[in-house]
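The values are calculated or read from the model by the stated rules, or taken from the named source; none is laboratory data. Just so we're clear, the structure is a prediction, and the values are computed from it rather than from any experiment. All Cβ positions, glycine included, derive from the backbone under ideal geometry; neighbour counts span all protein chains shown.
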Amino acid sequence: MTLIRSLVFFVAQLIWVPIYATLMLFTFPLKPLTRYRLISGLAYSMMWLLRVICDIRMEVRGAENIPKEPCIVLCKHQSAWETFALQTVFPPQVWVLKRELLWLPFFGWGLALTSPIAIDRSDGKGAMKQLLKQGKDRLAQGFCVVIFPEGTRIPYGQRGKYKIGGALLAASSGVPVVPVAHNAGRLWGRNAFSKHPGLVTMSIGKPIATQGRKADEINAEVEAWIENEIQQLEH
């Protein structure tokens, strides 16, 4: 049954994403925040399809911790689930992502219209300068900045190296950091086709103050909270 449900979801996604992304190309003349609100409708539809077809539901803990002002969201990265879920939970946001994603037909085209910070991972110093410059610009526009500090999807139950970029942006901008943990990987694994039914819990931590603090200190606090919370979600 899980395989059949996963196949139905795949086909639905294959049909729906190109249609939605093509329609969203017409949002180009609109203001960035308006464009985002329209384009993020795709995430809501994907979460609906996951719930109806695959019986993957979501529980959010700590929603009251989301600041009213723009913030930096540092989130655990286990599957594609959180790329949809974060858009339905947090205010308008931009992502830090590898620029190659923008080259994908339909999905990448729509993604490019959400004002992402698309970096070249092979250009270490250049990518960091771009992150700091464009990150501050997006925050000033009223967006939250979403970063997966481990840089890539990490299999459920494993732990990657937390990169310093998000913490550096936080330290230089002074905006709060909101850590996010979840257990989506146990239902929808990294690069996995099968999507198992069940409840995914997203836990949102209290905002971490960053003004006057060093990036290393911020990064260590974020990592400690997320990894400890992941352990709590497993029980």
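Results, tabulated for the structure shown:
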{"item": "Some residue of segment 190-199 being within 30 Å of VAL11 (Cβ to Cβ), crowded, with 19+ Cβ neighbours inside 10 Å and in contact with a Pro (Cβ under 7 Å, 6 or more places away or on another chain)", "result": "no"}
{"item": "Any hit, segment 78-95, residues being touching a Phe, Trp or Tyr at 6+ places or on another chain (Cβ under 9 Å), outside any helix (DSSP H, G or I), among the aromatic types (Phe, Trp, Tyr) and under 25 Å from LEU132 (Cβ atoms)", "result": "yes"}
{"item": "Residue within segment 48-71 that is more than 18 Å from the chain's Cα centre (by Cα), basic (Lys, Arg) and at pLDDT 95 or above present", "result": "yes"}
{"item": "Residue within segment 142-152 that is surrounded by fewer than 23 Cβ atoms within 10 Å (Cβ to Cβ), free of Cβ contacts under 8 Å to residues at least 24 places away in the same chain and more than 12 Å from the chain's Cα centre (by Cα) present", "result": "no"}
{"item": "Matching residues in segment 174-187 - criterion: being buried (at least 20 other Cβ atoms within 10 Å of the Cβ) and more than 15 Å from the chain's Cα centre (by Cα)", "result": "VAL175, LEU187"}
{"item": "Scan of segment 103-134 for residues that are of a type in the set (A, V, I, L, M) and surrounded by fewer than 16 Cβ atoms within 10 Å (Cβ to Cβ), ordered by number", "result": "LEU104"}
{"item": "Selection status of LEU86, in contact (Cβ under 8 Å) with a residue 60 or more places away in the chain and within 23 Å of ILE19 (Cα to Cα)", "result": "yes"}
{"item": "Enumerated strands (runs of 3 or more DSSP E) restricted to segment 140-235, each holding at least 1 residues that are at positive phi", "result": "198-204"}
{"item": "Where a residue in segment 202-216 is over 15 Å from PRO70 (Cβ atoms) and its partner, wherever it lies, is in a loop (DSSP other than H, G, I, E, B), with Cβ under 6 Å and at least six apart", "result": "SER203/GLY62; ILE204/GLY62; ALA215/ILE164"}
{"item": "Within segment 165-188, tally of residues that are within 17 Å of ASP216 (Cα to Cα) and either modelled with pLDDT under 95 or not β-branched (Val, Ile, Thr) (or both)", "result": "12"}
{"item": "Scan of segment 58-74 for residues that are surrounded by 15 or more Cβ atoms within 10 Å (Cβ to Cβ) and part of a strand (DSSP E or B), ordered by number", "result": "MET58, VAL60, ARG61, ILE72, VAL73, LEU74"}
{"item": "Count of residues meeting criterion [within 27 Å of ILE204 (Cα to Cα) and free of Cβ contacts under 8 Å to residues at least 24 places away in the same chain] in segment 91-110", "result": "3"}
{"item": "Flag if LYS206 is charged (D, E, K, R), touching a helix residue (DSSP H, G or I) at 6+ places or on another chain (Cβ under 7 Å), within 18 Å of LEU86 (Cβ to Cβ) and surrounded by fewer than 22 Cβ atoms within 10 Å (Cβ to Cβ)", "result": "yes"}
